[in-house]
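Below is one structure, written out as structure tokens; comments come after it.
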Amino acid sequence: MTDKNRTAVKDFLRTYRMDYKDIDFIQNCNEFAAEMKRGLASSESSLSMIPTYIMDTQTTVKGESIIALDAGGTNLRVSVVDFDSEGHASISYFQKYQMPGTQGEISKTDFFDTIAGYLAPALSYSDKIGFCFSYPTEMSPDKDGTLIKFTKEVKASGVAGVKICEALKQALKARGLDADKKMVLLNDGVATLLGGKAIHPDKVYSGNIGFILGTGTNTAYAENMEAILKIPQHPSRTGQMIINLESGGYGNIRGGILDESFDSQTADPGKQKFEKMISGAYQGKLLHLVIKQAVADHLFSDGVDMTLMTDLTTKDVNQYILNPNAKNILSSVFTDEDDRIKLYFLIDSIIQRAAKLVAVNLAAVMLHRGIGTNPLAPVCISVEGTTFYASKVFRLKLYYYIKKYLTDELGLFLDIVMADNLTVIGTAIAGAI
Ligand code: BGC
């Protein structure tokens, strides 16, 4: 029965061009790398390739406390990171809030005022603030940045086009708080790269990549200055600067028919196509649509009542795949044994596609930079994000593709670094430099 169910699911996915087997790994790596190159030269690319003005030098922070503000797709976290005289980091203050703009649209004033309020209790700990802002932001040499647009369905009107640190300082002032702080804005991919570097200062790596798979997705890496053609006015033409790819915006993967109808239902149709195929804000919702289509196409038995499932989250699908017999929205709607097997294969296949696409993303960065070709000097890939950390199934599939394609076929070597608080520590390091 299992084979019959598996074949039925495969046929269904094929009909809608949603089968991971149809993704040509090497061809997609080459296209991704070519798009990176275009993005480094100009804005004619779906990869923004944003220069961060943060140089990739070994940075150790010693004997200081830094405030780390982390505005992500779901949460806003305020921490104080203490670096001891040896450079070891520990977190002495931590508060977590809902990210403003995730519970319905808010105004620009409310957006910054809310963040200022959350920051207030930590302000006395340090005059330096690292601000990890996990949205596409055009950086300027003063290490402030202008929001290009919100992603991950965050809604705060009038914030796009605004200089983020400047506006936050104004909001602090408006509340009568101390705004005389040195603030450095950076992306979470960049922060994760810096945090990962700090973990193994003594290991030999040929390069560093920061990778995020949480509510959204992104990648950061260090690029040779001479390759960043779009900032010819920058005084330094040597060394390496960290680049924020905004890889969630990658648009050259040919998605399936159901990806297209899913995209049309999101807040920003036609944008963040890569992110919508792989990240936590979307995996559950995409699968909801896929499952609804499968029910309409009679892949399952006739008794399935989809009106019982008004929503589906990435957490729900991960729970099902880890333990299909546990009580869950999916196992309560799908009661027939064959249906549940098909459902398993359907979810498994979409997760497998996400893993293959992430492997393409990582391989393309390594191929583009020509790093990781020597096993004695692999690439350090530090990873953050709940979608990655919470899904063992996804990680196992990713490791499979890394071995199959990166190591065996392309001869690329890497070290995946998972650790607590990579983004927070990287943010504090940036705040100190
Ligand atoms: C944003 C990126 C961010 C990523 C991961 C994406 O939606 O555009 O700036 O790094 O999510 O949080």
Practice task
Return a whole-number percent for the relative contact order of the chain, with Cα pairs under 8 Å and 6 or more residues apart as the contact set.
Solution key: 22 percent
Exercise for the section: Out of all DSSP beta bridges with both ends in segment 107-197, state the antiparallel percent to the nearest 5. Expected result: 40 percent
Completion exercise
So, with points 7 Å from each Cα along the Cβ direction, the E138-T407 label distance in nm works out to 4.3 nm
Practice task
Quick one: dipole size for segment 150-195, taken about the Cα centre, charges +1 on Lys/Arg Cβ and -1 on Asp/Glu Cβ, in debye to the nearest 20.
Solution key: 120 debye
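Kirkwood hydrodynamic radius for segment 336-433: how many Å is it when counted over pairs of different Cα atoms?
Every distinct Cα pair counted, the radius reaches 15.3 Å.
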Problem - Tail fraction, Cα-Cα pairs, segment 14-126, threshold 22 Å, whole percent - result: 63 percent
Handout entry: Spatial extent of segment 103-176: Rg and Dmax, with the Cα atoms as the point set, Å
Key = 12.4, 33
Practice task
Return D338, D3 ranked ascending by Cβ neighbour count within 10 Å, so the fewest neighbours appear first.
Solution key: D3, D338
Completion exercise
At q = 0.13, 0.20, 0.28, 0.30 1/Å the base-10 log of I(q)/I(0) from the Debye formula over the alpha-carbon atoms of segment 42-103 is -0.59, -0.91, -1.05, -1.10
Practice task
Using the Kyte-Doolittle scale, find the helices of the chain whose mean hydropathy is at least 0.0 and whose Cα atoms extend 27 Å or more along the helix's long axis, counting only whole DSSP H runs.
Solution key: 337-369
Handout entry: Rg(Cα)/(2.2 N^0.38 Å) for segment 130-230, N = residue count
Key = 1.24
Exercise for the section: Taking 7 Å along the Cα-to-C-beta vector as the label spot, tell me the H200-E86 distance in nanometres, rounded to one decimal. Expected result: 2.0 nm
Practice task
Whole Å is fine, so just give me how far the alpha carbon centre of segment 71-118 lies from that of segment 330-396.
Solution key: 28 Å
Problem - Of all DSSP beta bridges in the chain, antiparallel share, percent nearest 5 - result: 60 percent
Problem - Value of Rg to Rh for segment 41-186 (Rh from inverse mean 1/r over Cα pairs, i.e. Kirkwood) - result: 0.97
Exercise for the section: Within segment 294-378, report the trypsin sites (Lys or Arg not before Pro) that DSSP leaves as loop and that have at most 15 other Cβ atoms within 10 Å. Expected result: K327
Fill in the blank from the handout: All alpha-carbon distances of segment 162-288, grouped into 10 Å bins from 0, give the whole-percent distribution 11, 27, 30, 25, 8, 0
Exercise for the section: Report the extension gain between A227 and K155 in nm, rounded to one decimal, defined as 0.36 nm multiplied by the number of residues separating them, less their alpha carbon distance. Expected result: 22.4 nm
Problem - Dimensions in Å of segment 223-380 - Rg and Dmax from alpha carbons - result: 20.5, 67
Problem - Alpha-carbon gyration tensor eigenvalues x 5, square-rooted, for the chain, Å - result: 37, 26, 20
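Read-outs throughout are calculated quantities, based only on the coordinates presented, and are distinct from any laboratory measurement. Here the structure is a predicted model, which is why all the values come from computation and not from measurement. All Cβ positions, even for glycine, are placed from backbone atoms using ideal geometry, and neighbour counts span all protein chains on display.
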